[in-house]
Amino acid sequence: EDLPIYARSNTLKAMKKQLSVFMPRQNIQWDSIRKEGNPTKAAEVNDVIKRVMKFEVRRQGVASQARRPVEFAEFINVLWIVRTSADYNEIDRYRLGSILTLQWHLIGRVDDMMKLQLNNLSFNPTHIFTLICQMRWSKNITEERESPRQLLVGSMDERLCVLLNLAVYIELCGNESNTNSTFLFGNGIHGERTVRKLLNIALESTQFKK
């Protein structure tokens with residue numbers, strides 16, 4: 001009758017997966033009689049996880065810590081803070097604005113944006129009012145065919161226009177930030193940490209409204 005108050009089922013699944021990596025007979029089912037195989041595949045382990053999931057449905061387990069999606073109004077609010085707050089210098093303001101609008105446009109991650117290189121962007125002769133972009137460094141891309149060419153299209157809303165934000169950033173910061181780097185937004189290795197710190201400034205601001 002004990003309640004699972006210390007961990008959620010997803011945490012147990014992650015621990016099970018992490019332990020399974022170190023098992024010599026990783027792909028062999030657990031034999032409870034001979035005590036051979038991979039013990040993380042034992043029926044008892046899966047039964048415990050299923051019981052924990054049942055308690056979670058009843059709201060008797062650990063509360064979920066899952067992140068919720070960002071609302072559109074919140075995203076606009078963050079962009080406004082980035083562009084108006086005195087906590088940002090001029091370069092950080094335009095770089096972060098361009099990163100966020102490009103991430104929103106491509107439905108990507110901060111890491112994906114920081115790994116974009118200058119040669120991943122190109123002119124589109126077919127539709128001269130657009131740019132062509134290819135994400136090649138994304139975490140989920142493992143093959144050439146998983147990196148299709150995507151169109152960057154402008155927006156009538158200047159707050160969200162990826163082309164306008166990118167043009168202003170390159171005009172103001174491009175030469176300075178990319179002198180020793182082939183990455184579009186500067187440091188492609190540890191740059192996401194800087195971006196996250198800058199984002200936290202906006203999210204912790206008294207002007208940010210959830």
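The values are calculated or read from the model by the stated rules, or taken from the named source; none is laboratory data. Predicted, not measured: the structure shown is a model, and the values here were computed from it. Surface areas here come from the heavy atoms of the whole protein model, side chains and all, with no ligands, DNA or RNA. Shrake-Rupley method; radii C 1.70, N 1.55, O 1.52, S 1.80 Å.
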Open item on the list: Using a Gaussian network model on the chain with a 10 Å cutoff between Cα atoms, which of Gly154, Gly61, Gly186 fluctuates the most?
Closed with: Gly61
Open item on the list: Restricting to lysines 8 or more places apart or on different chains, can you count the pairs in the chain with Cα atoms under 28 Å from each other?
Closed with: 24
Open item on the list: Test of understanding: in a Gaussian network model of the chain with alpha carbons linked when under 10 Å, which of Thr11, Thr182, Thr142 would top the mean-square fluctuation ranking?
Closed with: Thr11
- [ ] With log10 I(q)/I(0) by the Debye sum over Cα atoms at q = 0.10, 0.14, 0.18, 0.19 Å⁻¹ defined as stated, name the option among (1) -0.50, -0.99, -1.44, -1.50; (2) -0.65, -0.93, -1.19, -1.28; (3) -0.53, -0.85, -1.14, -1.21 computed from the structure displayed.
- [x] (2)
Task: For the chain: accessible area per residue (Å², 1.4 Å) - done: 69 Å²
Open item on the list: Connecting C-alpha atoms closer than 10 Å in a GNM of the chain, tell me which of Asn120, Asn187, Asn46 has the biggest fluctuation.
Closed with: Asn46
Open item on the list: How are the alpha carbon pair distances in region 20-128 distributed across 5 Å bins from zero to the largest one, expressed in percent?
Closed with: 2, 9, 10, 10, 9, 8, 9, 9, 9, 9, 8, 5, 2, 0
